[in-house]
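What follows is a short report on a single structure.
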Amino acid sequence: MKRLYLSDTVAGEISAYIAKEQLAPGARLPSVGEWMERLEVGRSTLREGLKKLQAEGIIEVVNGKGIFVSEQRTFQLLASLGIHDARAHLLEMLEVRQALEAQAILLAVRHAEETAFEAMAGHLDDYRRARAREDFLAVSEADAAFHLAIYQACGNRVLVGLIQMMHDELYLSWDSPDDRHEVFDASFAHHEDLLEAMRRRDEQAALAAFDNLVGATRKSIEAMVS
């Protein structure tokens, strides 16, 4: 199963910057040094994030010249979307993810071993510490790791692949770190409730906690629209 690395978070930050600034294809982005300072990451991590964006056709890295927004027409179309379009897309993606992840939670409640729940608890500990020190990159990594642990515990590889695609799309569609941090902050308590219910093998309580988690996320997104 695909794991979310710090480089994925870096890629999301750069992608969000391009969308927020409404940069046109061919526009030059901040330098490698500026990104390292802005995101507080090392050169190797940044390089991996840039490789991901290149593979997705979002940027082009020209040796000796810099980093540029890709000329590919697909990204040009996405970059031209307005805030309302982006938020409507987020809400639609959230609906699809909700349907898929609810099934993964049920399967995990039925089949996950205690070691899987211990791993989830560890990710929530990381999440809690990152929130306390207001480290957005670490918050997003811990949140992703928690959900990915649920998907892995469900045991259905096809479902895992579909949910992973939804999770990545939701993350990369956000406009700014402040937006995402607001959502993470609003939904944290529901993550704890979800894990507690899963450990009790209580399907109804687990689904109720997940519905609350999604509801908190939806409210935050809708508030950003207005």
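Within segment 105-141, being at pLDDT below 85 and either part of a helix (DSSP H, G or I) or open to solvent by less than 60 Å² (accessible area, probe 1.4 Å) (or both) holds for Asp135, Phe136, Leu137, Ala138, Val139, Ser140, Glu141. Beta carbons closer than 8 Å, at least 6 apart along the sequence or on distinct chains, pair a first residue in segment 140-155 that is farther than 16 Å from Glu196 by Cα and without any contact (Cβ under 8 Å) to a residue 40 or more places away in the chain with a second that is open to solvent by less than 10 Å² (accessible area, probe 1.4 Å) and of a type outside the set (Lys, Arg) for Ala142/Leu124; Ala142/Tyr127; Ala142/Ala130. Can we say Ser226 is out of contact with any His (no Cβ under 8 Å at 6 or more places or on another chain), at pLDDT below 95, open to solvent by less than 10 Å² (accessible area, probe 1.4 Å) and of a type in the set (S, T, N, Q)? No, not satisfied. Taken over segment 52-76, the criterion of being in a helix (DSSP H, G or I) and open to solvent by less than 20 Å² (accessible area, probe 1.4 Å) is satisfied by Leu53 alone. Considering only segment 36-51, state which residues are within 11 Å of Leu6 (Cα to Cα), open to solvent by less than 70 Å² (accessible area, probe 1.4 Å) and part of a helix (DSSP H, G or I). Once the filter is applied, which keeps residues that are within 11 Å of Leu6 (Cα to Cα), open to solvent by less than 70 Å² (accessible area, probe 1.4 Å) and part of a helix (DSSP H, G or I), segment 36-51 yields Leu39, Thr45, Leu46, Gly49.
Contact annotation: residue pairs with Cβ atoms under 9 Å, 6 or more positions apart or on different chains, pairing a residue in segment 79-97 that is modelled with pLDDT under 55 with a partner that is assigned to a helix (DSSP H, G or I) and open to solvent by less than 30 Å² (accessible area, probe 1.4 Å), are Ala79/Ile18.
The values are calculated or read from the model by the stated rules, or taken from the named source; none is laboratory data. None of these values were measured; they are calculated from a predicted model. Backbone-built Cβ (ideal geometry, glycine too); neighbour counts: all protein chains shown. Heads up: the accessible areas ignore ligands, DNA and RNA and are worked out on the full protein's heavy atoms, side chains in. Shrake-Rupley method; radii C 1.70, N 1.55, O 1.52, S 1.80 Å.
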